[in-house]
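Inspection log for the structure reproduced underneath, given as structure tokens.
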Amino acid sequence: MNKITTKWLAALLVSTVGFQTTPSAAQNIELNGGSGDIFFLYNSSAGVWNTVFRVKTSTDATGLTNPFNASSTPSTWDGILGNQVPTEAGANGDHIYETLTVNLNVTQTLSVDGTDFFFADANGHFTNNVPTADLGLRIRLREDQVAMGDSLGNTNFNQFANFTFAINTELSTFNGVALEDTSAHVSLFANDGLDGTAALFNSATTNLEGTFNTVWTHTHRNWGFSEYGEYSVVLDVTGVGGEHGDSTHQATVGFNVIPEPSTFALVLVGLGFGGFIRKKRLQNLG
Amino acid sequence: MIRIVKCIYLWALIPLMAFGFDGFGFLPYTRDHMDIAVRLEDGELVGFWDNDFATVNGQINSAPSFPAAGLRALGVFDEATPPLPRPAPAQWDFFGVAAGEPIYMLPSSGDPVTLPYLGLNAEDPSLMPLGANNEYRFTLVDMTGPEGGVFSLHVGATVYMNTLEGFPAGSVLVDRGGHYHYNWTFSLPGTYDLYFEFEALNGGSVVATGSDMFRFQITTGGGFDDYEHWRRTVFTPDQIEDETISGPHATPLDDGVSNMQRFAFGDEATFEWVWIEEDGDLFPGIRSFMRQDSGMNISAQYSPQLVSTDWEDADVTLEETERVFHDPGMEWRTYRINHTYMITGFFRLRAVLPAP
């Protein structure tokens, strides 16, 4: 029993140390608390996607060095709709990143479709008001034709008919191993309002893709992880049908999933107490 | 098989024109995200709708905010988005309806996307002078709504506000910069006014106060029961009491358009002349925007010349209807004109309210 607990603690220490010693390089955004959004935009002129990070009043993040400015960023375009240019780096608005990592201190679990997940309580769900890092989704797939030089005066329209959001279990990893080759699972799920769960996707099941019947939304769901550790979650995001046909983009989000500090301290106290008892026993035997 | 061919617009027999009018207060907010929020104005807390590119009056709107009396959250629980049945366990008694009865719940996470998705926030920069670590208390102190209607602010079975036991009906504390999403659930369709009191708390002491009313309209997809229901939904409580502003014959905007005309034909009445192709034959027709199922009688009428008051019911066939999601009860209706003498005649649509 002690052996197993010690191994688990060692794994935790490795994970925690890894997270704490990773420096925040420029454009490597880490969401540590509060709320922020991963934000999807599609540049139809170039046929490329922009995935940026939306900073809000409650966002507690590092690496917010590069504001996303549609008029000065070469890869963007004039037809953009729904973005917010920060007044300065780190201010409310959209930021460019190389890597996006969410540091989750979680203890609570919930069963989703038969699998227990540690989850970060998203805004509007379950116990609410819990100050864990809450990564929302923001989807703004419309464009301004007039700004793009349409002399006919066509105005804003949807770029796609709808939007799908899927987890790529082949490319996603858990502690560096392909997620599909591990026993770990990832889910993104909601409270259905009556304390039930509704999974947008759940890698523990065959439900790997969720559809938004809109291309213009902002939502917060619960990110669930079946084990503590480091996840690299690769998301296949697809605009489906409509003006520009199908277009798929991959976005990657890292999640460091560790126990809440209070729980971690309790574990250490428990192990210390166990060690004390063991020492006493050995003394008694001796 | 018919095909509507739009042709000529703007017949002016109905004395209505498009004025670019954007409606009275309480424009319908039908989908995506907003918060009910507070800001500091002249030392007082003022409520407003904090807009996150939500859909207002049928269009995605980029205005950062709307005044409290500028919008109503409109929940359309139609066949595509039906209300949920109340579960049986006692923890759901707070909804105020029996197990299995419908409850009209606005989502806390934007799903389904066809309903407003609402939170509370205290993020406005104007609050900074009151202190960076303040808390803001939102208390529900009163409500008007359909008889027997119950409102709950909750997240699942965790209830923050509930009107079942009277008022005040509960409070929520939001820290400065905070922003929380909830389920907003109503027990009956109808128009509800929720009256909130706001308090800024600094170390337990109240440092600023304010109050405001926010309106919600819950419908099963139908429109207003009658003119009074419309009046109750688009005017403020003070205006409702004033016949010269909210009465059916009043023209509160001095634009020649009466409330009754707006009620019957919308804010921008349109009367289009169309051709209807059916099995290779071409028939004349009219297409107009009008309200249905609201206690009115609307009929198409014909007259051989404008100077006469001798209007008679026109011989028309309803060919097509298109509903307007953000204005339940309003429809585009296309009628085929069966008269052979239409070339020399005039048509109008006439709306009549039943006698009170």
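The values are calculated or read from the model by the stated rules, or taken from the named source; none is laboratory data. Keep in mind it's a predicted model, so treat the numbers as computed, not measured. Note: ideal-geometry Cβ built from the backbone for every residue, glycine included; neighbour counts use all protein chains shown.
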Close pairs from the range A:103-126: first within 14 Å of chain B (Cβ to nearest Cβ) and in contact (Cβ under 8 Å) with a residue 40 or more places away in the chain, partner of a type in the set (A, V, I, L, M, F, W, C) and not in a strand (DSSP E or B), Cβ under 7 Å, at least 6 apart: A:Phe119/A:Val106; A:Ala120/A:Val106; A:Ala120/A:Ala133; A:Asp121/A:Val130
Yes/no for B:Pro146 being modelled with pLDDT of 95 or more, assigned to a loop (DSSP other than H, G, I, E, B) and touching a Gly at 6+ places or on another chain (Cβ under 6 Å): yes
Pull up the range A:193-214, narrow it to residues that are more than 10 Å from every other protein chain (Cβ to nearest Cβ) and outside any loop (DSSP other than H, G, I, E, B), then point me to the one that is modelled with the lowest pLDDT. A:Thr197
So A:Thr173 fits all but one of (1) within 13 Å of another protein chain (Cβ to nearest Cβ); (2) touching a residue at least 12 places away in the same chain (Cβ under 8 Å); (3) farther than 30 Å from B:Pro87 by Cα; what number is the exception? (1)
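From the set of residues in the range B:174-192 that are within 8 Å of another protein chain (Cβ to nearest Cβ) and in contact with a strand residue (DSSP E or B) (Cβ under 6 Å, 6 or more places away or on another chain), which is surrounded by the fewest Cβ atoms within 10 Å (Cβ to Cβ)?
Kept after step one, since they are within 8 Å of another protein chain (Cβ to nearest Cβ), are these residues of the range B:174-192: B:177-183, B:185.
Still in the running and in contact with a strand residue (DSSP E or B) (Cβ under 6 Å, 6 or more places away or on another chain): B:179-183, B:185.
Working: B:His179: 20, B:Tyr180: 23, B:His181: 26, B:Tyr182: 25, B:Asn183: 26, B:Thr185: 27.
Here the answer is B:His179.
So, in the range B:154-167, exactly how many residues are more than 11 Å from chain A (Cβ to nearest Cβ) and surrounded by 14 or more Cβ atoms within 10 Å (Cβ to Cβ)? Full working, then the answer.
The initial filter retains those residues of the range B:154-167 that are more than 11 Å from chain A (Cβ to nearest Cβ), namely B:159, B:161-167.
Add one more test, that the residue is surrounded by 14 or more Cβ atoms within 10 Å (Cβ to Cβ), and what stays is B:159, B:161-164.
Residues in the range B:154-167 being more than 11 Å from chain A (Cβ to nearest Cβ) and surrounded by 14 or more Cβ atoms within 10 Å (Cβ to Cβ): 5 in total.
Restricting attention to the range B:89-113, which residues are within 13 Å of A:Thr219 (Cα to Cα) and surrounded by fewer than 23 Cβ atoms within 10 Å (Cβ to Cβ)?
Just the residues of the range B:89-113 that are within 13 Å of A:Thr219 (Cα to Cα), to begin with: B:107-113.
The answer is B:Asp111, B:Pro112, B:Val113.
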Only one residue in A:Asn168, A:Asn162 is touching a residue at least 24 places away in the same chain (Cβ under 8 Å), within 14 Å of chain B (Cβ to nearest Cβ) and within 22 Å of the chain's Cα centre (by Cα). Which one? A:Asn162
Give all pairs with beta carbons closer than 8 Å in which a residue from the range B:104-122 that is at the interface with chain A (Cβ under 7 Å from one of its Cβ atoms) meets a residue that is in a loop (DSSP other than H, G, I, E, B) and among the basic types (Lys, Arg); count only pairs at least 6 apart in sequence or on separate chains. B:Ser109/A:Arg221
Looking only at the range A:52-71, and only at residues there that are part of a loop (DSSP other than H, G, I, E, B), farther than 18 Å from B:His179 by Cα and of a type outside the set (Ser, Thr, Tyr), the one that is nearest to the other protein chains (Cβ to nearest Cβ): A:Ala70
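Conditions (1) among the hydroxyl-bearing types (Ser, Thr, Tyr); (2) part of a strand (DSSP E or B); (3) more than 29 Å from B:Gly247 (Cα to Cα), marked per residue:
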{"site": "B:Ala269", "(1), (2), (3)": "no, no, no"}
{"site": "B:Trp275", "(1), (2), (3)": "no, yes, yes"}
{"site": "B:Arg287", "(1), (2), (3)": "no, yes, no"}
{"site": "B:Met290", "(1), (2), (3)": "no, yes, no"}
{"site": "B:Gly295", "(1), (2), (3)": "no, no, no"}
{"site": "B:Ile298", "(1), (2), (3)": "no, yes, no"}
{"site": "B:Thr309", "(1), (2), (3)": "yes, no, no"}
Taking the range B:20-59, which residues are surrounded by fewer than 17 Cβ atoms within 10 Å (Cβ to Cβ), in a strand (DSSP E or B) and in contact (Cβ under 8 Å) with a residue 12 or more places away in the chain? B:Glu41, B:Glu44
Kindly list the number of the only condition in (1) among the β-branched types (Val, Ile, Thr); (2) within 14 Å of chain A (Cβ to nearest Cβ); (3) under 22 Å from B:Thr236 (Cα atoms) that fails for B:Ile60. (3)
Segments classed as strands (runs of 3 or more DSSP E), wholly inside the range B:157-242, with at least 1 members that are of a type in the set (D, E, K, R) and touching a helix residue (DSSP H, G or I) at 6+ places or on another chain (Cβ under 8 Å): B:190-202, B:205-219
